[in-house]
Amino acid sequence: QVQLVESGGGSVQAGGSLRLSCAASGNYDSRYCMGWFRQAPGKKREGVALICSTVGSTKYADSVKDRFTISQDNAKMALYLQMDNLQPEDTAVYYCAASEVHWALLAESHFDYWGRGTQVTVSS
């Protein structure tokens, strides 16, 4: 009932930037918390960033703090992740996710809907 589609991934040199987008459709509620997760080859999926507009809350993984910025445009039903100063360890498939609750932690179990991912590759 909610569909999420990521875009904006690609290949960049270390120190470069990318901006990921996530378009929501279906029975999307702008009060949902939204998050970005990533999964590197051979590793489990991990939380990257979270935004819960109803409580004015954002949360970032320590590894991306001060480099990544999560934002949303509810009029466009879109979520964004601005990624600056990318490093090789940021290489992963990045997933957009939505939580039906209006407050959530940056954990997979809190999220109900998922996109299929977009690849980000950072070379040194």
Search the range 44-59 for residues being touching a residue at least 40 places away in the same chain (Cβ under 8 Å) and not β-branched (V, I, T), and hand back the single one that is nearest to S17 (Cα to Cα).
A49
Pull out all pairs, ordered by first then second residue, where Cβ-Cβ is under 9 Å, the residues are six or more apart or on different chains, the first lies in the range 75-97 and is under 11 Å from W36 (Cβ atoms) and open to solvent by 50 Å² or more (accessible area, probe 1.4 Å), and the second is at pLDDT 95 or above and aromatic (F, W, Y).
Q82/F68
Give me the pairs: first residue in the range 112-124 and under 15 Å from A97 (Cα atoms) and of a type in the set (F, W, Y), second residue open to solvent by 70 Å² or more (accessible area, probe 1.4 Å) and in a loop (DSSP other than H, G, I, E, B), beta-carbon distance under 9 Å, and six or more apart or on different chains, which are they?
Y113/Q1; Y113/E100
Subset of the range 35-46 [closer than 14 Å to D112 by Cα and either modelled with pLDDT under 95 or among the small types (G, A, S) (or both)]
G35
Name, by its number, the condition in (1) at pLDDT below 95; (2) buried (at least 21 other Cβ atoms within 10 Å of the Cβ) that does not hold for S53.
(2)
Need the failing condition index for K65 against (1) free of Cβ contacts under 8 Å to residues at least 12 places away in the same chain; (2) open to solvent by less than 20 Å² (accessible area, probe 1.4 Å); (3) among the basic types (K, R), just the number.
(2)
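The values are calculated or read from the model by the stated rules, or taken from the named source; none is laboratory data. What you see is a predicted model; the values in this text were computed from it and never measured. A quick note on method: Cβ atoms are made from the backbone with ideal geometry, for glycine too, and the neighbour counts reach across all protein chains shown. Ligands, DNA and RNA are excluded from the accessible area calculation, which covers all protein heavy atoms including side chains. Shrake-Rupley method; radii C 1.70, N 1.55, O 1.52, S 1.80 Å.
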